[in-house]
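Below: one structure, written as structure tokens.
What follows draws every value from the coordinates through simple rules; no lab data is involved. Just so it is clear, the structure is predicted and the values come from calculations on it, not from any experiment. Note that each Cβ is placed from the backbone with ideal geometry, even for glycine, and that neighbours are counted across all protein chains shown.
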Amino acid sequence: MSQEVISQKIKKTCDGCGSVHEYEMVDPSEAMMQEIENWYTVGRAVRAEGRVLKMMAEACCLACVPAAAVKLALPPAAPEPEIDLASLRLNTERPN
């Protein structure tokens, strides 16, 4: 039995500028391979829930690396606090 790969697409989003790039990896051109080689990966170790996790961002070019790094430096969005709505309601019962 023979097998031939006829499609293998990669879709990448730049964390720096937000641009989306799609690459067809079956028989890629030299220009496409050079573009793929120009991507940068920026990493940062963070502590979360008692563990050290590695966060990564990708940038499509050297000019986007600082913006991608800043996104990693920003603190993660804090979860919204749980609000007990029952405790906020007015007690409408009147004493006898």
What distance in nm lies between label points placed 7 Å from Cα along the C-beta direction at Leu53 and Lys9?
2.9 nm
Dipole axis of the chain (+1 Lys, Arg; -1 Asp, Glu on Cβ), positive-most option in Thr13, Met32, Ala45
Ala45
Would you calculate, for the chain, the mean residue ellipticity at 222 nm contributed by helices, counting each DSSP H stretch of 4 or more residues as -39,500 (n - 2.57) and dividing by all residues, to the nearest 500?
-5500 deg cm²/dmol
Which order do the peptides 37-43, 84-90 come out in when sorted by mean C-beta neighbours inside 10 angstrom, highest first?
37-43, 84-90
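If you average 1/r over every pair of different alpha-carbon atoms in the chain and take one over that average, what Kirkwood value in Å do you get? The partial results should precede the final answer.
Numbers: mean 1/r = 0.0558 Å⁻¹.
Its Kirkwood hydrodynamic radius stands at 17.9 Å.
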